[in-house]
Amino acid sequence: MKRFNLIISLLLCALAVSANVINMGSTTAIVDTMESYRVGPGTTYSHLRMTKGTKIRHMYLLDIDMTNPNVNLEVVQGKHQLGSTEKMADMYNRLDAPNHRMVAGVNCSFWCVSATVTADKNSWEGLLGQPLNGSASGGVMITEVSNWNRGRVEANPAYDNGYIVVENNKHVIVNDLSWGGVVRLKDNQEYPIMDVNRPREWTDQHRITLYNHYMGAKGTANKPCKEVVFTVDKWRMNGDITCTVTSTNNVGGTVLAEGEGALQGYKDGETFLSALQVGDVFTVNIGVAIRDGSGHPDVKEMVGGNALVMHNGELTVRNYDDYNGKDYPRCLMATNAAGNRVWLLECAPTGGMTTEEGCYILGTMGATDISSYDGGGSAQMNVFGENMFKTTESTPRAIANALWVVASCDDSEDAGDLEFVDVPESLPAYASYTPQVRAFTKDGLFISHDYKKHKLHCEPSTMGTISEDGLTFTANPVTESGLLVATYGTARTETRISIKNGQIDIKYDSIMVGCDGYPVEVLAIAEDLILPLDESKLTWTTDKEGVISINNGVVSGLENGEVILYGVLDNFKDSIHVTVEVPQQDKVSVNNHWETFTMPLDTTFSVSNTRNASISIPFNTYLYGCPDSVFVDFVCACPLSAVEVTATPKVGEEENYKVARQLAANEAGSFHFSFDQLYGDKQQAWYPICLKELKFFLKDPKKNTPYLLTIKDIVLHYPCWKEASGLLDASKEDMTIQQKVMIDGQVYIIKGGEVYQLTGQKVR
């Protein structure tokens, strides 16, 4: 077989790659852009590959322009309730809606796992599933800014935690934060709020805890206390919130709705709250400050992670601790000095990276402030509900929270913008080329990688022709250049191409055909570019008559045999060896064609080891013709759990392909599988197919007990047969197509509107 598919794949990969050399202190790295495209308003997704010496790492990047009016960032708490985790795909399905499109997201905070609680019950008892540091969404505090993982308590940027903050005006801050919540009564008495939405296991301390609806159905902490339940005018941060008392109690456990809150006081905190009665009005101020003293942000969204690893363009010492200084799958979030651009970077589990390496990469893009977030099995990036890389676990992990890029714009399927994907600069003459076209709404929301509603044309028109559906360009045998243009409504994209003379080649040296038609695959080649050529443009002849029919390059088998098929176009001539094996029915038992094996086939067996016990029946026999699927009918005295088929196509003689199916625990069964389950989309080069073996997996067999396995039949299914009750049932349209049909159990050939027996005798 001529191996052109690999060449095409490699060429397309090469077209997609661009490279940059990045200085990384004492060394350098090459960062290749493997793929990059817009996914939403002001938002670009890219797949990067970093090569640093022998080290190769894959990274995934979201680049967000916050000045775009149709894009924003939102923090999503798992299942909208503290103590719960949620998969990002489930977040997408829960929240994606018209005018609120969940474009892409990344994981965020470390959260309290059972090991954390076990290690320090005094600090973390009751916090299982909660983020370890502060978070907020839509101006509502979810968890307070904490001292978790801060190298020091004092305000020293070199030891700061990392937070990303999106203000209400969409200005973005990446820095460390400090906490300063307070309750203030009418007489200006005030008391600090210690924490937000924590279960308050610390009953020996003087404190007040603030709760809101993020506690979910489990409600506030159910502990002896003074609890004041209230409504708010509007949740906000760094501004007074007007609160009206609706009830008080001494037990807690209140379930809160949105727009409601509760304060729980203990010891001195209880004394302070005892002054409040139903109907009283007081204020709460949820104070959040930048720890270096640079201000109090107008927080809309906020989420904290591990460490501030770059500040004001300088790497911090947090890059070199035990966690950040090692290769690890991880997440970084960054902004520029103006706070109007955001980068979200994930490194895949295959190898991982240090935070320092991530800082160098993001720094070349303009990032000045960078925070690191949870990594390992939590590291993941989701785009339109799909994870962009394989995580350390078989399915992406449920996480405590995530940061999502959200688009608020027109989200129709009508393209407002188009772009070609990796179009070559030149095309071979006669080549048929269907370009990949990405489509976006007028506001830049991604629609499709392969849009099919556009129409192509070329300028000048002498360059080639366009298919009837408007999606494929076929180059004329001319030597000229011009524009290939795609349009949909007012959307237009264009690319310049040149037509080059080259060679023409038939893709395969040999094929097998049955009764169904096979368009001979012809390739046009020029300057290492290989593209399909319309087979109907060639003139086709054979070295003998009656074995095949050839109509506009489509081959159909007439009778069993072998033939050489020649194709001619201008000065080009090539040939392909065609073997024909025509089935007599649409379903044929292997008994009709196999000599080595006869069905039913009985096998007596026993097992000495019942662990993962199985029985294999080897065949190593080629199947007749070009079946599209196989049916296996069997019965076994031992219950079965599964059956596995191993078969090898002609193009994969060096390797075996397997497919297995689970079965109910019974003594009899059947198994039907199509070959595309093994090999993917159907190709004529599969044939002939060799059935290697059938493997039956036993369920609870008894040791050293004889069992009988009977394969009652193996039936091949063919795609080309039609059933009719009589000759006159064939439609006029069907009669014009050369084909074989089964009529009343007999096989006939329809050719040129006439009906023939297999012997060639005309019936009608």
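Just so you know, all these numbers are worked out from the coordinates, no wet-lab data involved. Because the structure is a prediction, the values reported are computed rather than measured. Glycine also receives a Cβ, built like all others from the backbone with ideal geometry; neighbour counts cover every protein chain displayed.
Among C359, T474, F572, whose Cα sits farthest toward the positive end of the charge dipole of the chain (+1 at Cβ of Lys/Arg, -1 at Cβ of Asp/Glu, about the Cα centre)?
Most positive-ward Cα: C359.
Please tell me which of these pairs span more than 27 angstrom C-alpha to C-alpha: K55/K390; K170/K442; K544/K587; K587/K692; K587/K712; K79/K390?
Over 27 Å apart, Cα to Cα: K544/K587.
Mind putting a number on the dipole of region 503-580 about its Cα centre? Charges go on the C-beta only, +1 for Lys and Arg and -1 for Asp and Glu, and I need it in Debye to the nearest 20.
In total the dipole reaches around 160 debye.
I'd like to know which of T434, C458, G444 lies farthest towards the positive end of the charge dipole of the chain, counting +1 on Cβ of Lys and Arg and -1 on Cβ of Asp and Glu.
G444
How much length would be gained if the chain were fully extended between T539 and D96, taking 0.36 nm per residue of separation minus their Cα-Cα distance, in nm to one decimal?
154.1 nm is the gain from fully extending T539 to D96.
Between S294 and D700, take the C-beta separation as r, use R0 = 56 Å, and let me know the FRET efficiency to the nearest 0.05.
Using R0 = 56 Å, I get an efficiency of 0.20.
Taking the highest mean first, how do the peptides 277-288, 424-435 order by number of other beta carbon atoms within 10 angstrom per residue?
424-435, 277-288
Work out, step by step, the length gained on full extension between K682 and T118: first 0.36 nm times the residue separation, then minus their alpha carbon distance; give nm to one decimal.
Computed gain between K682 and T118 is 197.5 nm.
Which whole-number percent is the relative contact order of the chain (Cα, under 8 Å, 6+ apart)?
Worked out over the chain, it gives 11 percent.
What's the magnitude of the charge dipole for region 610-710 around its Cα centre, counting Lys and Arg as +1 and Asp and Glu as -1 at the beta-carbon? Answer in Debye, nearest 20.
Taking the Cα centre of region 610-710 as origin, the dipole is about 420 debye.
Over all directions, the average projected area of the alpha-carbon convex hull for region 503-580 comes to how many nm²?
If I average the Cα hull's projected area over directions, I get 4.7 nm².
Taking the alpha-carbon distance from K52 and a cut-off under 17 Å, which lysines remain once sequence neighbours fewer than 8 residues away in the same chain are dropped?
Candidates past the 8-residue exclusion: K326.
Which ordering of V31, V437, V755, V568 is given by a fewest-first count of other beta-carbon atoms within 10 Å?
Taking fewest neighbouring Cβ atoms as first place, the list is V568, V755, V31, V437.
With +1 on each Lys and Arg Cβ and -1 on each Asp and Glu Cβ, how big is the dipole of the chain about its Cα centre, in debye rounded to the nearest 20?
Dipole size: approximately 1320 debye.
Could you compute the FRET efficiency for N571 and V659, with r as their C-beta to C-beta distance and R0 at 35 Å, rounded to 0.05?
Efficiency computed from Cβ-Cβ geometry: 0.15.
Taking the Cα atoms of the chain, what is the range of coordinates along each of the three principal axes, in descending order and whole Å?
Projected onto the principal axes, the Cα atoms of the chain cover 111, 76, 56 Å.
Select from the chain the helices, each a whole stretch of DSSP H, whose alpha-carbon atoms run 30 Å or more along the helix axis and whose Kyte-Doolittle mean is at least 1.6; answer none if there are none.
None clear 30 Å together with a mean of 1.6.
Can you compute the helix-only [θ] at 222 nm over the chain? Use -39500 (n - 2.57) per DSSP H run of at least 4 residues, normalise by all residues, nearest 500 deg cm²/dmol.
-2000 deg cm²/dmol
Which whole-angstrom value gives the distance between the alpha carbon centres of region 367-383 and region 212-272?
33
Take the alpha carbon atoms of region 388-435, find their center, do the same for region 308-334, and report the distance between the two centers in whole angstrom.
The two parts, judged by their Cα centres, are 30 Å apart.
Would you work out which of G83, M381, S589 lies farthest towards the positive end of the dipole of the chain? Charges go on Cβ: Lys and Arg +1, Asp and Glu -1.
The one lying farthest along the dipole's positive direction is G83.
Can you give the convex hull volume of the alpha carbon atoms of region 587-717 per residue, in Å³?
For region 587-717, the hull spanned by Cα atoms encloses 103 Å³ per residue.
Considering amide H positions built from the backbone, and no H for Pro or chain starts, which residues 5 or more places from A307, or on another chain, come under 5 Å of its amide H?
Amide H neighbours of A307: G162, S372.
Can you tell me, using C-alpha contacts under 8 Å and at least 6 residues apart, the relative contact order of region 216-349 as a whole percent?
Value for region 216-349: 21 percent.
If you stretched the chain out fully between D65 and S498, how much longer would it get, using 0.36 nm times the residue separation minus the C-alpha to C-alpha distance?
Once the chain is fully extended between D65 and S498, it gains 152.3 nm.
What ratio of Cα Rg to 2.2 N^0.38 Å holds for region 417-500?
Cα-based Rg divided by the globular estimate yields 1.06.
Please arrange F473, F597 by how many other C-beta atoms lie within 10 Å of their C-beta, fewest to most.
The most exposed by this proxy come first: F597, F473.
DSSP beta bridges in the chain, what fraction antiparallel, as a percent rounded to 5?
95
Treating cross-link reach as a plain straight distance, find the aspartates and glutamates whose alpha-carbon is under 13 Å from the alpha-carbon of K650, omitting any fewer than eight places away in the same chain.
Output for K650: D509.
Show which lysines lie in cross-link reach of K121 when reach means a straight Cα distance below 19 angstrom and same-chain residues fewer than eight apart are skipped.
K223
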